[in-house]
Amino acid sequence: MFHLRTCAAKLRPLTASQTVRTFSQNRPAAARTFGQVRGYTAPVAAEPFLSGTSSNYVEEMYYAWLENPKSVHKSWDIFFRNTNAGAPPGTAYQSPLPLSPGSLSAVARVQPLVEAQPNVDKLVEDHLAVQSLIRAYQIRGHHVAQLDPLGILDADLDSSVPADIISSTDKLGFYGLDESDLDKVFHLPTTTFIGGQESALPLREIIRRLEQMAYCQHIGVEFMFINDLEQCQWIRQKFETPGIMQFTNEEKRTLLARLVRSTRFEDFLQRKWSSEKRFGLEGCEVLIPALKTIIDKSSENGVDYVIMGMPHRGRLNVLANVIRKELEQIFCQFDSKLEAADEGSGDVKYHLGMYHRRINRVTDRNITLSLVANPSHLEAADPVVMGKTKAEQFYCGDTEGKKVMSILLHGDAAFAGQGIVYETFHLSDLPSYTTHGTVHVVVNNQIGFTTDPRMARSSPYPTDVARVVNAPIFHVNADDPEAVMYVCKVAAEWRSTFHKDVVVDLVCYRRNGHNEMDEPMFTQPLMYKQIRKQKPVLQKYAELLVSQGVVNQPEYEEEISKYDKICEEAFTRSKDEKILHIKHWLDSPWPGFFTLDGQPRSMTCPPTGLTEDILTHIGNVASSVPVENFTIHGGLSRILKTRGELVKNRTVDWALAEYMAFGSLLKEGIHIRLSGQDVERGTFSHRHHVLHDQNVDKKTCIPMNHLWPNQAPYTVCNSSLSEYGVLGFELGFAMASPNALVLWEAQFGDFHNTAQCIIDQFICPGQAKWVRQNGIVLLLPHGMEGMGPEHSSARPERFLQMCNDDPDVLPNLEEANFDINQLYDCNWIVVNCSTPGNFFHVLRRQILLPFRKPLIIFTPKSLLRHPEARTSFDEMLSGTHFQRVIPEDGLAAQNPANVRRLLFCTGKVYYDLTRERKARGMAEQVAITRIEQLSPFPFDLLLQEVRKYPNAELAWCQEEHKNQGYYDYVKPRLRTTISRAKPVWYAGRDPAAAPATGNKKTHLTELQRLLDTAFDLDAFKNFS
């Protein structure tokens, strides 16, 4: 009888009074059932047609008919149409038509029976309407979710309810349904989980579950834009399944304890330092248990290193209660008498980072937490965190992001307003930049300083930027701690399952002004009237748990007094702290690189030259294809042949010099990462570090990775068309380890200005602010080539202006290791090499130094192929080193007393000067000295040069305009070098607003004019 009842159940119309259990697990995938129709007039047992022996056959026939009505005999087609129209099976059955003249009259008798039944099409339409209704809630249910804790603003800035969301029964008409359909039962599609174990529900219950259990309460889920069915189904299951958001009493008590710590920490700071800025978390205290939940769940899934980035709001609370920085170290920061012990300027307490390894108490596993230091420039730390995360994954072999992950915190106004957020998202899935998913947490306090969100963004939500990478977005009312915890748990599971980004939008409020001294009532009077009435989330949740009997009032009060006591004891200890050690707040320690007290292990640098065998070996690999059956472009064959000839002649050009610097460091175990736009080939088609097979798509070869059996890996990767994001990423990568050479190359030097924030806030002052050294290298193509104002200048004046040396003070030139001490004291190194050999040496020196400093290199364009820009192996052999200054070595140096003018220059203009000097026959009268290292300024070597030519007047020559380039940096330092005994004249272009002219003829005229000035020995006579 089981089969009989099953088949009858499928053919029987469903009614609201019946509880229909699922049978979908046993049916073929193609089977479909229709919705509500009228009931039978006779019980199943009275239908002799459905005997137990025939039910299997009927069932199979029915499934076949559902799939294709024409696949069964006409009589079966009529039978199934009749039963689905409501006829009892016995009545619905019609015997096959006889093959006789009376057949036509038989058809006439059958047809009225079918036509008399309700319209089958209407049943299908109702079923599809319910599917559309369910889908509408999945797509737009978040628009009506109760997200604002204050109840005064719609999180999506729109108070209207979407037309397809059933806010009242009259809106059923949108789907062709009406109130009478509410108690009809409909089978549920496979794209929803609201039924749980039930496969069909009344429409009224469907709507109730969609609204009250899944999409329209304190959680709003945006995910239907994701174009992956598996991911959408995963999210539906997490939010639609009945009863899935249950918490144990123990979990609730843990959540309460974390809320106590978060809230009472801010209360303690407010009591002790009410007039200090601290950018407290009041109004979003749930952030602390939210972060801890993400970390707990990630730790449970195998993560053992979490790298975090965040703005200033709530930073001290995160340091105290998530990272677990000692409270006394935080409290002592408020002491105005605290002395700074470390070198540098330091930074305010709510910008500092931290690194800490501890046991995760929930999972009982070790976990390392790093909070990256950041400036006030909101979101600027995003790509830095991503780069550091990528590096940590790289060094531990975590190719899938299972061990190391990142969490980024954002403010709502910054997340919507800062373009770097978009740039960072677009790195998230690129092969050489992906960190396999970041959890983004937005502290959405619905205001940006004083700006109303309705004036701050054009998008409905501040998180809409995340949609571009198919990241699901979970909006949640921050005054519902359990909803927040559930969403954070799902976010961590999403990242662990799919290794893609996910966003948690904590819709909250800001109880105080932008800082504790600010008056928000000036600009948001109504909002802050409501905030002052608002009960804190801790109080709300404690009252809820007390009412549920999870905790009692004394237990709750004991938890508060216990944490208050911890804070008071730490405050007492903090009074003993007299000295601030910024190194205790270091976010990226380099164990073993420095001494225990953070000092270099030596203050010397070994020679940077190599043996001839190594140079030859690298050169041979660089001029060949080290894999078989690989077809390269004919033009590239000629380039490699030219390289081979250079190696045979013991000479290198610019590309080969770079190759040899990289290759030798790889041999020494130094990982090299070169990133930027078009770096694999090189903007100027000179590098060719990635070879492409001309016959097989995506088949490539990187010869640099075929140099040595046990070499370090070489990573060269074309970046997205981004400077700000990619430079920040590479800076973060370089933070992770001192034993890597990380380089970012601008497509053209002037493009670095779109990454100016990273340069100004991180690279230039990073060590001074955060005692954090970094050895990143910036390769900036520079040179006046007549190519117009946009592709000429790397703006060297900007880098030189930010150098921290004093132009008016001559350092102690007799100091041991003067050059190394200079490098140690500077904030960054700025060079403009005029020879490939010196470029080779400065790259190797960057790693061989006993400390790390950012290196800014103005790289050439025309010199890449200039026949005179070559270096012999002899200048790169063992014992050789980088030349900070390249002195005159021609006829002028042989008889220095006869030299009438000493020209100082840097970079490409040297070749213009030597050509002009030769043409004028002035090799004995004019000496030319190249300053290769501009900062730190080589006072010692330049003093020797000036003394060598006692009768020469001094002039600085540059191809840049006078108000740009190097002149304003070099002149005062040269004057200090010679104790201001002589003037330093200028030979170069006149001041201008643009870096270069766009007219080729004007360019050549300007060049000739500066050359005329440089070699006219009477040019400055009237100025003396």
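From the list S547, S561, exactly one residue is closer than 21 Å to Q270 by Cα, in a helix (DSSP H, G or I), hydroxyl-bearing (S, T, Y) and modelled with pLDDT of 90 or more. Which is it? Steps first, answer last, please.
On the way: S547 fails: closer than 21 Å to Q270 by Cα.
Of S547, S561, the one residue that is closer than 21 Å to Q270 by Cα, in a helix (DSSP H, G or I), hydroxyl-bearing (S, T, Y) and modelled with pLDDT of 90 or more is S561.
For S722, the conditions (1) farther than 17 Å from P626 by Cα; (2) touching a Lys or Arg at 6+ places or on another chain (Cβ under 8 Å) all hold with the exception of (2).
In the set (1) closer than 23 Å to L731 by Cα; (2) surrounded by fewer than 18 Cβ atoms within 10 Å (Cβ to Cβ), the condition left unmet by P709 is number (1).
Quick test for you: out of V484, V490, V502, pick the one residue that is modelled with pLDDT of 95 or more and within 19 Å of the chain's Cα centre (by Cα). Show your work before the answer.
Details: V484 fails: within 19 Å of the chain's Cα centre (by Cα); V490 fails: within 19 Å of the chain's Cα centre (by Cα).
Of the residues listed, the single one that is modelled with pLDDT of 95 or more and within 19 Å of the chain's Cα centre (by Cα) is V502.
Take the conditions (1) under 20 Å from the mean Cα position of the chain (by Cα); (2) of a type in the set (V, I, T); (3) assigned to a strand (DSSP E or B); V476 misses just one of them, which is (1). Filtering the stretch 282-332 to residues that are among the β-branched types (V, I, T) and in a loop (DSSP other than H, G, I, E, B) leaves V286, V303. Is at least one residue of the stretch 947-963 at pLDDT 95 or above, surrounded by fewer than 23 Cβ atoms within 10 Å (Cβ to Cβ), hydroxyl-bearing (S, T, Y) and within 21 Å of N898 (Cβ to Cβ)? The answer is yes; a qualifying residue exists.
I need the helices (runs of 4 or more DSSP H) fully contained in the stretch 886-949, keeping only those with at least 2 residues that are among the small types (G, A, S). Give the steps one after another, and end with the answer.
Values: elements: 891-894, 909-920, 939-948.
Those helices (runs of 4 or more DSSP H) span 891-894.
Across the stretch 266-281, which residue is most open to solvent (accessible area, probe 1.4 Å) among those that are assigned to a helix (DSSP H, G or I) and more than 16 Å from M310 (Cβ to Cβ)? Restricting to residues being assigned to a helix (DSSP H, G or I) and more than 16 Å from M310 (Cβ to Cβ), the top hit is R271.
Among the residues of the stretch 505-524, write down those that are farther than 15 Å from Q446 by Cβ and modelled with pLDDT of 85 or more. Once the filter is applied, which keeps residues that are farther than 15 Å from Q446 by Cβ and modelled with pLDDT of 85 or more, the stretch 505-524 yields only F522.
Of Y541, Y563, all but one fail to be touching a residue at least 40 places away in the same chain (Cβ under 8 Å) and touching a Leu at 6+ places or on another chain (Cβ under 7 Å); the exception is Y541.
Pairs are defined by a Cβ separation below 7 Å, a sequence spacing of at least 6 or placement on different chains, a first member in the stretch 235-246 that is among the polar types (S, T, N, Q), and a second member that is open to solvent by 40 Å² or more (accessible area, probe 1.4 Å) and part of a loop (DSSP other than H, G, I, E, B); the pairs so defined are Q237/F193; T241/F193; T241/G196.
Cβ-Cβ distances below 9 Å connect the following pairs, each with a first residue in the stretch 153-170 that is farther than 19 Å from V476 by Cα, a second residue that is among the hydroxyl-bearing types (S, T, Y) and open to solvent by 50 Å² or more (accessible area, probe 1.4 Å), and a separation of six or more residues or different chains: D164/S132.
To keep it simple, each residue is scored yes or no on (1) within 25 Å of the chain's Cα centre (by Cα); (2) on the phi > 0 side of the Ramachandran plot; (3) of a type in the set (A, V, I, L, M, F, W, C).
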position	(1), (2), (3)
S675	yes, no, no
F684	no, no, yes
N718	yes, no, no
S722	yes, no, no
L731	yes, no, yes
Q747	yes, no, no
Q756	yes, no, no
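For (1) at pLDDT below 90; (2) farther than 28 Å from D825 by Cβ; (3) part of a loop (DSSP other than H, G, I, E, B), each residue gets a yes or a no:
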| site | (1), (2), (3) |
| --- | --- |
| F593 | yes, no, yes |
| L596 | yes, no, yes |
| T608 | no, no, yes |
| G619 | no, yes, no |
| V625 | no, yes, yes |
| F630 | no, yes, yes |
| G635 | no, yes, no |
| I639 | no, yes, no |
| R643 | no, yes, no |
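Restricting attention to the stretch 750-795 and to residues that are touching a Lys or Arg at 6+ places or on another chain (Cβ under 7 Å) and more than 30 Å from F593 (Cβ to Cβ), the residue that is surrounded by the fewest Cβ atoms within 10 Å (Cβ to Cβ) turns out to be N753. Among the criteria (1) within 20 Å of R772 (Cβ to Cβ); (2) touching an Asp or Glu at 6+ places or on another chain (Cβ under 9 Å); (3) surrounded by fewer than 21 Cβ atoms within 10 Å (Cβ to Cβ); (4) modelled with pLDDT of 95 or more, the one K403 does not fulfil is (1). Looking at E179 and the list (1) closer than 29 Å to E67 by Cβ; (2) open to solvent by 80 Å² or more (accessible area, probe 1.4 Å); (3) modelled with pLDDT of 85 or more, which single condition is not satisfied? So E179 meets the others, but not (1).
Cβ-Cβ distances below 7 Å connect the following pairs, each with a first residue in the stretch 477-500 that is at negative phi and polar (S, T, N, Q), a second residue that is assigned to a loop (DSSP other than H, G, I, E, B) and open to solvent by 10 Å² or more (accessible area, probe 1.4 Å), and a separation of six or more residues or different chains: N477/Q146; N477/P149; N477/H218; S496/N301.
Among what's in the stretch 806-817 and is of a type outside the set (A, V, I, L, M) and surrounded by fewer than 17 Cβ atoms within 10 Å (Cβ to Cβ), pick the residue that is nearest to E959 (Cα to Cα). Explain how you work it out, then say what you get.
Here is the first cut: in the stretch 806-817, the ones of a type outside the set (A, V, I, L, M) are 806-808, 811-812, 814-815, 817.
Filter once more, keeping what is surrounded by fewer than 17 Cβ atoms within 10 Å (Cβ to Cβ): 806-808, 812, 814-815, 817.
On the way: D806: 25, P807: 22, D808: 25, N812: 32, E814: 34, E815: 34, N817: 33 Å.
Per the stated criteria, the residue is P807.
Scanning the stretch 189-228 for residues that are of a type in the set (A, V, I, L, M, F, W, C), crowded, with 20+ Cβ neighbours inside 10 Å and in a loop (DSSP other than H, G, I, E, B) yields I194, C216, F223.
Mind listing whichever residues of the stretch 466-489 are small (G, A, S) and in contact with a His (Cβ under 8 Å, 6 or more places away or on another chain)?
Keep residues of the stretch 466-489 that are small (G, A, S), which gives 466, 471, 478, 483.
Once the filter is applied, which keeps residues that are small (G, A, S) and in contact with a His (Cβ under 8 Å, 6 or more places away or on another chain), the stretch 466-489 yields A466, A471, A483.
When restricted to residues that are open to solvent by less than 40 Å² (accessible area, probe 1.4 Å), aromatic (F, W, Y) and out of contact with any Lys or Arg (no Cβ under 7 Å at 6 or more places or on another chain), the stretch 408-433 contains 2. Tallying residues that are touching a helix residue (DSSP H, G or I) at 6+ places or on another chain (Cβ under 7 Å), in a loop (DSSP other than H, G, I, E, B) and of a type outside the set (F, W, Y) within the stretch 951-994 yields 4.
Here is a yes/no grid of residues against (1) β-branched (V, I, T); (2) touching a Pro at 6+ places or on another chain (Cβ under 7 Å):
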site: D364; (1), (2): no, no
site: I367; (1), (2): yes, no
site: L371; (1), (2): no, no
site: L378; (1), (2): no, yes
site: D398; (1), (2): no, no
site: G401; (1), (2): no, no
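Consider S159 carefully, then state whether it is open to solvent by 60 Å² or more (accessible area, probe 1.4 Å) and of a type in the set (G, A, S). When the stated conditions are applied, S159 passes them. The residue list G663, G669 contains one member that is open to solvent by less than 60 Å² (accessible area, probe 1.4 Å) and assigned to a loop (DSSP other than H, G, I, E, B), which is G669. With respect to the conditions (1) open to solvent by 10 Å² or more (accessible area, probe 1.4 Å); (2) closer than 27 Å to W744 by Cβ; (3) outside any loop (DSSP other than H, G, I, E, B), G837 lacks only one, and its number is (1).
The values are calculated or read from the model by the stated rules, or taken from the named source; none is laboratory data. Everything numeric in this text was worked out from a predicted model, so none of it was measured. Cβ coordinates were reconstructed from backbone atoms using ideal geometry, including for glycine residues, and neighbour counts include every protein chain displayed. What goes into the accessible areas is simple: the full protein's heavy atoms, side chains included, and nothing from ligands, DNA or RNA. Shrake-Rupley method; radii C 1.70, N 1.55, O 1.52, S 1.80 Å.
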